[in-house]
Amino acid sequence: MFRVIEKSKLTGDITRIVVAAPDIALKAGAGQFVMVVTGRDSERIPLTIADTDTSRGTLTLIFQEIGFSTKELGALSEGDTISHILGPLGNPTHIEKYGTVICVGGGVGIAEIFPVTKAMKRAENRVIGIIGARSKELVILEEKLKQTCDELFITTDDGSYGKKGYVTDVLSGLLKVSEQSTHTIYPNLVYAVGPVPMMRKIAQLTKEYNIKTIVSLNPIMVDATGMCGSCRVTVAGVTRFGCVDGPEFDAHLVDFDELQKRLASFKEKEECLNKKCPAK
Amino acid sequence: MRKQARLQAPADRIKNFFEVALGYSKEEAEKEAKRCLLCKDPLCVKGCPVRIDIPSFIRLLRENKPQEALAKIKERNNLPAVCGRVCPQEDQCEAMCILNKKKIPINIGALERYAADYGKAAGKQLTSEPQASEPANPRTRELKIAVVGSGPAGLTAAADLAKMGYSVTLFESLHKPGGVLTYGIPEFRLPKKIVMDEVEYIKGLGVEVKTDYLVGRTLGLAELFEKGYKAIFLAIGAGLPQFMGIPGENLSRVYSANEFLTRVNLMRAYAFPESKTPLNIGTRAAVIGGGNVAFDSARCALRLGAKVSIVYRRAEAEMPARVEEIQNAKEEGVEFQLLTQPVKILGDEQGFVKGLECVRMALGEPDASGRKRPVPVKNSNFILEADTVIVAIGQTPNPLLSRAAPELKTNPNGTIAVNEDYMTSLPGVFAGGDIITGADTVIAAMGAGKKAALAIDRYIKTNG
């Protein structure tokens, strides 16, 4: 059993919980995730570790309450327990001094780039953050990211905060400027987490400029230890398992169309859980 | 006459996940036990990978002492209720039975199950839970051993080591213990209650079970030693599911058998939406493969309401599955597409399976396995109606642990390399079960667990 130490609503449907999981906290690296089983009959769901505190032995999880299982987790209060947490899973982000690193987060993906910006900053990179949300009230972690990023750009779809438009617009602008610029602010790495269409667009953009780009993928998983293969993704024409080979892959080689289709595999069933199941 | 155990009728059982084989009644068990010749030099014992004293437990059943019979079995086998149900006795003890010369071997499997089920029920009334035997050397209790993986090999080794007096911790990555017994073998062949009872027995021996621990991630091998474990036994199972490498394998509703069975058995997707893990099963499922896992998948799919075909590239005689399971599946209405090889999975616009293109095969010369090699028949392509495809063609070893511990030597096929004492290239780290052999039976893994436990004991006594 894993106790919920803190809980807060960050915004709208995005919730942050801090759970006591000392063994996992001790081992967790940037980019890794945990599998969470909230209650007795719950699904196993993968959630990226948004932060760790080894002195307190805690993990921070930030998630969007979008389906039944995330709502079930979001319904827990401080002091409640989560039945099972397994981790840390997946390969940690490769951290080194690249030079300039642009980290792009869309929606709840903002929470997922935070530990990467933190680790990249610690490795003495110049870190540029670009975060985007639908509107002002959905922008999360701005203050925390200001501490880990040398520069932080914010976009909202409706223009209610930051720049109106998408993260890809800002990225595109930066890449154009850096291309024309005489002094080098050219990014050595782009790291992106967000909805599949966002990651696909970023991959297309950075490919034109031939900039190494890493995306962290969120395929459907069951065991998340390599045993089931539910999380398979095609990368460079080869089937890879998101859980043991990923979750990060070279953005220029990922088959995003297939990923998006596989993510929609259980949509009907999901509706069944949220409302009422139609008679069989 | 050999007495077959009663079965749930096919028309009923295809609508539920309850156990198919119902087991012997008291009278049936006694009658079958009386057929045993109680051989002085019993061949059946030689056929048993864990060397159960079969004539002795059968003699006790004759005397209507199921509890004593169970104790006799447990001298050698820690999981009798499991083995009585899923062991391929026809290839092991029963194949060796002297009466098999007349094709009427003693039904040892059904008797083992009877002893396990009735012996436990009787035992509950008479005594408390089983206790670990007093350690021969009391000091050994302080010695900690880590067993990684709680499937048949891990459970067996943990139980034997606990009986020897060691302090054993059993690490399991999933949220429930049992390994393949829990996530793989379906409820109707091995009820999960039975598995959990066996796990409770092993806990009763003093074994500490820690779920949600992935060794290699949550804890490394070096850290286990740092934490004071004197030896580590890796029993981490067969690993990653194999796919065929044909177009369309990543369409939605294409599952590995592991995924399909895990959703159904571990996550209880058959009870959706009460259980929250979904499973998409269309109306026509094609299961690719001819082993026990393929048949388990097929019979689960059938119970979930699909029409099911087994697609197998060889003939029925070559199928590795147990004859009993093949027979059960036939009775339940599973269709067979034999000498058939899938070449492409067809998908619709949304990325869901809409058919399976196959080619017919003919049997040629025997191959390396001694079975006749199937060769494609030219221009025989056809489309099998299917909206769900389950791939049950085997597994390759999970690279996770060997990546986390690169000094752990592996064989060219990815299995962990061990010496004759089950020791890996790392001193004090042992391995057994499917991770060293590739996918094999429950009892073979248990046999490895037993031998490894003895080897670990020898290692500790020499190096302690």
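Key figures
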read-out: Restricting the stretch A:17-58 to residues that are closer than 17 Å to B:LYS210 by Cβ and part of a strand (DSSP E or B), the residue that is nearest to the chain's Cα centre (by Cα); value: A:VAL34
read-out: So A:ALA123, is it over 15 Å from the mean Cα position of the chain (by Cα) and of a type in the set (A, V, I, L, M, F, W, C); value: yes
read-out: From A:ILE202, A:ILE211, A:ILE130, A:ILE140, residue being touching a helix residue (DSSP H, G or I) at 6+ places or on another chain (Cβ under 9 Å), surrounded by 14 or more Cβ atoms within 10 Å (Cβ to Cβ) and in a strand (DSSP E or B); value: A:ILE130
read-out: Sole residue being surrounded by 23 or more Cβ atoms within 10 Å (Cβ to Cβ), assigned by TED's automatic domain parsing to the domain that holds B:ILE202, touching a strand residue (DSSP E or B) at 6+ places or on another chain (Cβ under 6 Å) and over 19 Å from B:PHE225 (Cβ atoms), chosen from B:ILE456, B:ILE435; value: B:ILE435
read-out: Residue within the stretch B:366-381 that is within 13 Å of chain A (Cβ to nearest Cβ) and either among the charged types (D, E, K, R) or over 23 Å from B:PRO241 (Cβ atoms) (or both) present; value: no
read-out: Residue under evaluation B:PRO278, criteria (1) in a helix (DSSP H, G or I); (2) at pLDDT below 95, criterion not met; value: (1)
read-out: Residues that are of a type in the set (D, E, K, R), within 23 Å of B:VAL353 (Cα to Cα) and either in the same structural domain as A:ARG44 (by TED's automatic domain parsing) or not in a helix (DSSP H, G or I) (or both), drawn from the stretch A:224-260; value: A:ARG232, A:ARG240, A:ASP255
read-out: Per-region count, the stretch A:214-255, residues among the charged types (D, E, K, R), open to solvent by 20 Å² or more (accessible area, probe 1.4 Å) and within 12 Å of another protein chain (Cβ to nearest Cβ); value: 3
read-out: Those helices (runs of 4 or more DSSP H) lying entirely in the stretch B:1-96 with at least 2 residues more than 30 Å from B:LYS330 (Cβ to Cβ) and open to solvent by 20 Å² or more (accessible area, probe 1.4 Å); value: B:26-35, B:43-47, B:54-62, B:66-74
read-out: Counted residues, the stretch B:241-250 - those being surrounded by fewer than 23 Cβ atoms within 10 Å (Cβ to Cβ), touching a residue at least 24 places away in the same chain (Cβ under 8 Å) and within 8 Å of chain A (Cβ to nearest Cβ); value: 2
read-out: Test: residue in the stretch A:16-29 that is open to solvent by less than 10 Å² (accessible area, probe 1.4 Å), at pLDDT below 95, not hydroxyl-bearing (Ser, Thr, Tyr) and not assigned by TED's automatic domain parsing to the domain that holds A:THR117; value: no
read-out: Cβ pairs under 7 Å, 6+ apart, first in the stretch B:89-103 and without any contact (Cβ under 8 Å) to a residue 40 or more places away in the chain, second open to solvent by less than 60 Å² (accessible area, probe 1.4 Å) and assigned to a helix (DSSP H, G or I); value: B:GLN89/B:ILE108; B:GLN89/B:GLY109; B:ASN100/B:GLU94
read-out: When residues of the stretch A:145-199 are limited to those that are acidic (Asp, Glu) and assigned to a helix (DSSP H, G or I), the one surrounded by the fewest Cβ atoms within 10 Å (Cβ to Cβ); value: A:GLU179
read-out: Flag if B:ILE232 is in a strand (DSSP E or B), more than 7 Å from every other protein chain (Cβ to nearest Cβ) and in contact (Cβ under 8 Å) with a residue 24 or more places away in the chain; value: yes
read-out: Output for the stretch B:56-71, where each listed residue is within 24 Å of B:LEU454 (Cβ to Cβ) and without any contact (Cβ under 8 Å) to a residue 24 or more places away in the chain; value: B:SER56
read-out: Qualifying residue in the stretch B:214-227 (condition: over 24 Å from the mean Cα position of the chain (by Cα), more than 13 Å from chain A (Cβ to nearest Cβ) and open to solvent by less than 20 Å² (accessible area, probe 1.4 Å)); value: yes
read-out: Residue selected from the stretch B:189-213 under the condition within 13 Å of chain A (Cβ to nearest Cβ) and open to solvent by 20 Å² or more (accessible area, probe 1.4 Å), by the criterion nearest to B:VAL264 (Cα to Cα); value: B:THR211
read-out: Extreme residue, nearest to A:ALA203 (Cα to Cα), among residues of the stretch A:261-275 that are assigned to a loop (DSSP other than H, G, I, E, B) and within 8 Å of another protein chain (Cβ to nearest Cβ); value: A:ALA264
read-out: Residue match in the stretch B:263-277 (condition: closer than 24 Å to B:THR156 by Cα, crowded, with 20+ Cβ neighbours inside 10 Å and either more than 9 Å from chain A (Cβ to nearest Cβ) or among the β-branched types (Val, Ile, Thr) (or both)); value: yes
read-out: Candidates B:THR396, B:THR415 - the one that is open to solvent by 10 Å² or more (accessible area, probe 1.4 Å), touching a Pro at 6+ places or on another chain (Cβ under 9 Å) and of a type outside the set (A, V, I, L, M, F, W, C); value: B:THR396
read-out: Positions within the stretch B:356-401 being free of Cβ contacts under 8 Å to residues at least 60 places away in the same chain and in contact with a Ser or Thr (Cβ under 8 Å, 6 or more places away or on another chain), in sequence order; value: B:CYS358, B:VAL359, B:ARG360, B:MET361
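The values are calculated or read from the model by the stated rules, or taken from the named source; none is laboratory data. Only a predicted model underlies this, so the values are computations on that prediction, with no experimental measurement involved. Ideal geometry is used to build each Cβ from the backbone, glycine not excepted, and the neighbour counts take in all protein chains shown. Protein only, heavy atoms only, side chains kept; ligands, DNA and RNA dropped before computing areas. Shrake-Rupley method; radii C 1.70, N 1.55, O 1.52, S 1.80 Å.
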